[in-house]
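What follows is one structure encoded as structure tokens, with my remarks underneath.
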Amino acid sequence: MSDVVLACAVAVAGCVQWLTGMGFALVAVPALVLLLGPNDGVLLANCAAGVVSCAGLAGGWRRVRLRAMAPFVAASVCTVPVGTWAAARLPEPVLMVVLGSLVCLAVGLVARGLRLPALGGTGGALAAGGAGGFMNAAAGVGGPPMSLYGVNAGWSMREFVPNAQFYGVVVNVVSVAAGGLPGLDRRAWWVAGAALTAGALVGWGLAGRVPERAVRVMVLGLAVAGGALAVGKGLWAV
């Protein structure tokens, strides 16, 4: 049963990540945390999201806005160690509540399309990048700050996706370097790898065919449900 849950979470998240440039952690982290625990769940999400971002970036790297992304990525790299440190020292029930709450909060902000003119400039890139790096290392959900930055910078979806994938490659590589690989057995690695490949292939086939709004609703709905479950499990264990 655990293999089925793992495969479903990774496959759906991989499909969403390919379609939108991000969203893997929002979809998968709550389920992975419940299944594998906070540390291994987040680290697996970092590994998988980084792999999908790298594959997606191969076809869109020419559209990456390096000048705009430089301060964002630099700030995120600086705060990854802080997130790793915090995650390693919080008790598991507390971390479950924190992770679930961060997911729900991030979903709420993205759903509302929060617009702050200051977030569109260099200062906004530094603030959003710093928040993204910390959240990615601590909770595996570094995408929402990138979404808010893209919205406030006025980027179209065509512009946003490759830049999000570029950010995903960098921040997840740094997060894995800081936190290490998840402690999974060989069977779990095979299940996760096969599911990730299947999900990415489905996403590749659906790209351009699924309405953006439908993907957005699916991502946010699954994320809220999973975040609420993680909070519930953490409170129950206290």
Within 10 Å, count the other beta carbons around each residue, average over each peptide in 182-194, 136-148, 28-40, 50-62, and list them highest first.
-> 136-148, 28-40, 50-62, 182-194
Take the alpha carbon gyration tensor of the range 1-112, find the square roots of its eigenvalues, order them as a ≥ b ≥ c, and report rounded if a/c is under 1.5; if not, report prolate when a/b exceeds b/c, else oblate.
-> oblate
Per-residue [θ]222 nm for the chain (sum of -39500 (n - 2.57) over DSSP H runs n ≥ 4, rounded to 500) = -28500 deg cm²/dmol
Between Ala177 and Met157, the two model label points (7 Å from Cα along the beta-carbon direction) sit apart by a distance in nm of 3.3 nm
Rel. contact order, % - alpha carbon contacts under 8 angstrom, at least six apart, the chain | 38 percent
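Values in this text are rule-based calculations from the coordinates and carry no lab data. Bear in mind that the values here come from a model prediction, so they are computed numbers and not experimental data. A quick note on method: Cβ atoms are made from the backbone with ideal geometry, for glycine too, and the neighbour counts reach across all protein chains shown.
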